[in-house]
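The values are calculated or read from the model by the stated rules, or taken from the named source; none is laboratory data. No experiment lies behind these values; they were computed from the predicted model shown. Cβ coordinates were reconstructed from backbone atoms using ideal geometry, including for glycine residues, and neighbour counts include every protein chain displayed.
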Amino acid sequence: MKILNLAEQQIQSAVKSGEVTIAIYGAGKVGLPIAVVFAEIGANVIAVDIDKEVVDKINKGENPVKNEEGLDEKFSFVIKKGNMKATTELVQSAKESDVMIVIVPTILDEDGILSIEPLKRAIENIGMGLEKGDLIILESTLPPNFVEQNIQPILEKKSGLKAGKDFGLGFSPERVYSGRIIPDLVDRYPKIVSGMDEKTTEVMGILYSMVARKGVIKLSNIRTAEAMKVFEGIYRDVNIALANELALIAEKLDIDILELINAANTQPFSNILIPGAGVGGHCIPVYPYFIIKHEELAGLSLKLVKAARQINEYMPHHIIELLKDGLKEMDCTFRDAQITIMGLAFRGDVKEYRNSPSLIVADYLKKNSKSLKCYDPLFSEDEIFQVIGVPGVNSLKDAFRDANCLIFLTDHEIFKSMDLKEYVKLMKKPGLIVDGRQLFDPQKVVELGVRFKGVGRVIK
């Protein structure tokens, strides 16, 4: 049932009764949880993806997205309920649907330019199946003005219809965190919505208010919504960069950065973040380039945004410098060291390695060390080798055993809670721990007979 011309109660009733079909384009880490949430409230949902393996798993009742809070239970519920299916048929899904939500990943090429091919393919296929009264919503993070300058022309050309007249077109950026996507969407944050016209915005607000308990915020135009999501990421990137640069300064001044931060943040106007080995994931390292490389902003110098990115991109290389300093103090070379990379994931307890600092560190060490292995509790030995080409191990004991240098690049809970005193007994001596995630007290590590290097940390 088309919902663009329905009243609020009619839309709610139609969705809950399964009369409205919602196609989610991109059934990955973000898209599948969104699909499940809409199916849970009664909508007829089609999870659309070009990955046949993902589609087959969904149709067999197997959840392809792991380590997502609440997803397994809700996925099983909607599969048993029978109102969610998966397919690789992009055009047919558009023909069968009333609402299409696009959450295809946005990635950068080697030059930091947005690669639009995966998104363009989805939009072209949607356009070929588009009908009057349909509603298309973009959730993929995009540069300002992208929807109206790039998405709208494709849809209109492929369909022969006009946005704002024949079909609704809007933008509602995902605002979720890996590992807690459903709680973020349902309970934690308001949903931002904006359409090409007032009617589309209103209908989007009604639809999303059915799943987002914090309500919706309606913005005046799509470009503001696009920019808001990008600016959120830039804000975080800049603040992380500030913390990282202060840590580098602290090292030079022989000041412990955590001691300083803990004191400074008792003042209500100070909220210095915790510095670390760098910024990973598919969001924060990517979104600044949507502005830095934006053609309409070519006349702006963007000094702060660029500087923040440079600082954060440098931090994995600083880990390597800390490693060099530690090995030098041990009178040991890379060739002689037995090194273990502790953590492949970009963030603790999340099985995602995109843009992880570990990738940069591993790439350098593969070229310069003879004995190298990696441990991450979320990845198998084969998965580790497939990602970084380094032999993986499957336990903390194997990670520590016979290694004389461990580099901690992920803040997994298992690393925080382990009994370090027992595990360092397995290390070769002299030993070195490089802490890129503020996991350990430097003094306590030294008291265990192991050298210590950390971002902004000093031995008191």
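Odds and ends about this structure:
- Residue check, Gly112 farther than 29 Å from Gly233 by Cα, in contact with a Lys or Arg (Cβ under 7 Å, 6 or more places away or on another chain), in a loop (DSSP other than H, G, I, E, B) and touching a residue at least 12 places away in the same chain (Cβ under 8 Å): no
- The lone exception for Asp56 - which of (1) within 26 Å of Glu352 (Cβ to Cβ); (2) buried (at least 18 other Cβ atoms within 10 Å of the Cβ); (3) over 24 Å from the mean Cα position of the chain (by Cα); (4) acidic (Asp, Glu) it fails: (2)
- Residues within region 446-460 that are outside any loop (DSSP other than H, G, I, E, B) and either in contact with an Asp or Glu (Cβ under 8 Å, 6 or more places away or on another chain) or at pLDDT below 95 (or both), tallied: 4
- Residue check, Ile414 β-branched (Val, Ile, Thr), part of a helix (DSSP H, G or I), farther than 20 Å from Ala243 by Cβ and within 29 Å of the chain's Cα centre (by Cα): yes
- Scope region 115-135; condition under 28 Å from Ile292 (Cβ atoms) and either part of a strand (DSSP E or B) or of a type in the set (Lys, Arg) (or both); matching residues: Ser115, Lys120, Arg121
- Apart from one condition, Asn368 fits all of (1) crowded, with 20+ Cβ neighbours inside 10 Å; (2) out of contact with any Asp or Glu (no Cβ under 9 Å at 6 or more places or on another chain); (3) of a type outside the set (D, E, K, R); the exception is (1).
- Here Leu344, Leu323, Leu327 are screened, and the one residue that is in contact with a Cys (Cβ under 8 Å, 6 or more places away or on another chain), crowded, with 19+ Cβ neighbours inside 10 Å, in a loop (DSSP other than H, G, I, E, B) and touching a residue at least 12 places away in the same chain (Cβ under 8 Å) is Leu344.
- Taking (1) in contact with a Phe, Trp or Tyr (Cβ under 7 Å, 6 or more places away or on another chain); (2) outside any helix (DSSP H, G or I); (3) under 26 Å from Ala345 (Cβ atoms) in turn, Lys214 satisfies each apart from (3).
- When restricted to residues that are touching a residue at least 24 places away in the same chain (Cβ under 8 Å), within 17 Å of Val55 (Cβ to Cβ) and assigned to a helix (DSSP H, G or I), region 72-102 contains 8.
- Test: Phe38 is aromatic (Phe, Trp, Tyr) and either part of a strand (DSSP E or B) or surrounded by fewer than 15 Cβ atoms within 10 Å (Cβ to Cβ) (or both): no
- Residue check for Glu381: surrounded by fewer than 19 Cβ atoms within 10 Å (Cβ to Cβ) and within 21 Å of Gln438 (Cα to Cα): no
- Residue in region 303-315 that is under 30 Å from Gly179 (Cα atoms), aromatic (Phe, Trp, Tyr) and assigned to a loop (DSSP other than H, G, I, E, B) present: no
- Residues in region 17-34 that are over 22 Å from Gly127 (Cβ atoms) and free of Cβ contacts under 8 Å to residues at least 60 places away in the same chain: Ser17, Glu19, Leu32.
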